[in-house]
1. Taking the simple approach of a point 7 Å from Cα along Cα-to-Cβ for both LYS120 and LEU26, what is their distance in nm?
2. In the structure shown, do any of LYS218/LYS249; LYS74/LYS240; LYS50/LYS285 have a Cα-Cα gap over 31 Å, and if so which?
3. With 23 Å as the cut-off, how large is the P(r) tail for segment 147-286, expressed as percent of Cα-Cα pairs?
4. Apply the Karplus parameterisation 6.51 cos²θ - 1.76 cosθ + 1.60, with θ equal to phi minus 60°, to every residue of segment 152-157 and state each ³J(HN,Hα) to the nearest whole Hz, in sequence, with x for glycine and proline.
5. Starting from the amide H of GLY274, placed 1.01 Å from N in the peptide plane, find each other amide H under 5 Å away whose residue is 5 or more places distant or on another chain.
6. Can you put HIS171, HIS261, HIS176, HIS86 in order of Cβ neighbours within 10 angstrom, beginning with the fewest?
7. For segment 209-287, just the Cα atoms, rotate onto the principal axes and tell me the three extents in Å, largest first.
8. Per DSSP helix of 4 or more residues, -39500 (n - 2.57); summed, then divided by the residues of the chain. What does that give at 222 nm, rounded to the nearest 500?
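Every read-out reported here was derived from the displayed coordinates using simple, explicitly stated rules and does not represent laboratory data. Keep in mind that this is a model prediction, so the values were computed, not measured. Note: ideal-geometry Cβ built from the backbone for every residue, glycine included; neighbour counts use all protein chains shown.
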Amino acid sequence: MLTNKNNFFEVFTTKKIIESKFFNFLGLQSFRYALAKFIYVLLGFFYKNKFLTKYYDNGFYLEENFFKEEIFKKINTEFQEAFEIHKVVRNVYEKSDNYNENSSIDYFLYEFEDNEFNKKNFPTLYSLLSDQKIKKYFMAAERKKNINIYMRLERIKTKDFCKNDVNSYWHVDTYHNTHKAWLYLSDVTNDHGPFNYLKKSSAFSVRRLLWEFLNSIKKYFNKSYRPFFVDEKNVQTFEKNKIEVICKKNSFLIANTHGYHRRGDAKPNMVRDGISFFTRENPFKIF
């Protein structure tokens with residue numbers, strides 16, 4: 001019974017799916033989804049930002065020429081220096097019964113933390129951790145003022161056409177509204193595998209409510225099941241609203257990754273550099 005109590009308290013956390021047969025069959029995953037949506041709407045009455053009206057409607061927002069040219073050049077220079085110093089920080093290969101080995105890309109990243117080394121060696125990158133413009137967008141997206149924003153440097157290099165890349169399949173990040181952003185340091189064309197998004201797919205729907213419930217059941221009985229990957233039938237519902245974000249360097253894209261999204265199909269030997277920012281706020285935190 002104690003386990004069930006612990007599982008119940010997990011309902012009000014960011015944990016993607018609670019590990020309880022009883023609570024999952026009871027439908028608490030759908031309850032979490034609906035309650036998180038309700039609170040998000042409620043927060044909208046207290047925290048308004050007219051600049052992101054399109055973001056709330058569509059699920060993403062793009063701003064080009066985000067930084068002044070001289071600042072952007074410094075960011076790019078320090079990005080390259082950081083990769084030279086840290087070399088390959090992580091080369092990700094994920095295995096899945098459904099999606100093969102993640103061998104079609106080399107994915108390099110550096111978790112950029114608030115420490116003295118970064119402050120001293122990469123002052124312009126370090127300033128992004130507290131950049132007010134970026135913070136303003138995330139506060140508006142979360143509809144909260146007290147938030148934590150994380151930052152990482154990313155380089156993605158494609159190797160072949162096989163599409164053995166787990167993020168190139170349609171998926172959602174979690175059951176509640178959650179937000180990611182990218183500052184692109186290089187141009188993004190069709191050849192680079194641009195960010196794909198199904199517009200309006202982050203909105204509340206009965207279909208998604210049922211999907212969340214069924215996912216929680218399947219995950220309980222099959223631990224290897226990937227509950228947040230989207231079957232083609234669901235994708236087809238929104239296919240007419242698919243957006244491919246083609247943009248120039250120095251563009252800033254923020255997206256509600258609770259909606260359906262994926263990395264686009266890229267040609268081999270293409271490299272994309274960028275800086276990603278993300279939050280994972282508790283959806284039930286009101287103040």
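1. 5.4
2. On the way: LYS218/LYS249 41 Å; LYS74/LYS240 39 Å; LYS50/LYS285 23 Å.
In this structure, LYS218/LYS249; LYS74/LYS240 exceed 31 Å between Cα atoms.
3. For segment 147-286, the fraction of Cα-Cα distances above 23 Å is 39 percent.
4. 9, 8, 10, 10, 10, 10
5. GLU154, LEU185
6. Ordered by Cβ neighbours within 10 Å, fewest first: HIS86, HIS171, HIS176, HIS261.
7. Taking max minus min along each principal axis of the Cα atoms, segment 209-287 gives 43, 38, 27 Å.
8. Counting only the DSSP helices, I get -11000 deg cm²/dmol.
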